[in-house]
Amino acid sequence: MNNKEKCLRERIYKYYEDNRSEGEKFTLDRFKGEKINKSTIYRIIERAENKSCYNIAPGSGRIATIRTAKNIRRLKVMFDNKDGVLQAARKFQCSQACICKTLKNKTSIKRRKKQKILKRTVK
C-alpha cells in the first residue's frame, strides 16, 4: 500500500471516529465529494466499528505462484538455453506479458526479438 492510500485511510478513520455520533452517512457525504468510492469508505468505517486498525497487514494479498524464487531460477535456466517467451509462458501456464515483466523486473536478462539480417535476406 502506498503512502497516498495510507493517508486516505487515516483521514477517513479519524474523521469517522471524531464524528461517530453523526453516523456513517455523514462521513460518506464528506468524502464522496472527493470522488472516493463508496465501498472504500464503508470498508474503512467497518474496520473502525470493529475497533481494528486502519492499516492493512503486509503480505495479506495473493500468494505468488509464478514469481517464486524457484520459478525465477527455472526461468533463467530456460533463457540460458535459448528458449523463447512463448515456450516459457506455456510451461508456466501464464501469459507472455507476465513472463516479459518477470524477466524485466526480477532478472538481468534482456528480452530480444530475432531480427533478419538485411544483407543476407533475398529481395
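Which whole-number percentage describes the relative contact order of the chain, with Cα contacts under 8 Å and a sequence gap of 6 or more?
On the way: 59 pairs, mean separation 19.4, N = 123.
RCO, the chain: 16 percent.
Once every DSSP H run of n ≥ 4 in the chain is given -39500 (n - 2.57) and the sum is divided by its residues, what mean residue ellipticity at 222 nm do you get, rounded to the nearest 500 deg cm²/dmol? Kindly include the intermediate steps, with their values, before the conclusion.
Numbers: 6 runs with 68 residues, N = 123.
Mean residue ellipticity, 222 nm, calculated: -17000 deg cm²/dmol.
Determine which lysines satisfy two conditions relative to Lys4: a Cα distance under 30 Å, and not lying fewer than 8 residues away in the same chain.
Within the straight-line cut-off, Lys4 pairs with Lys14, Lys25, Lys32, Lys35, Lys38, Lys51, Lys101, Lys104, Lys106.
Any read-out appearing in this document is the output of simple, stated calculations on the displayed coordinates, not a laboratory observation. All figures in this text were calculated on a predicted structure; none of them were measured in a lab.
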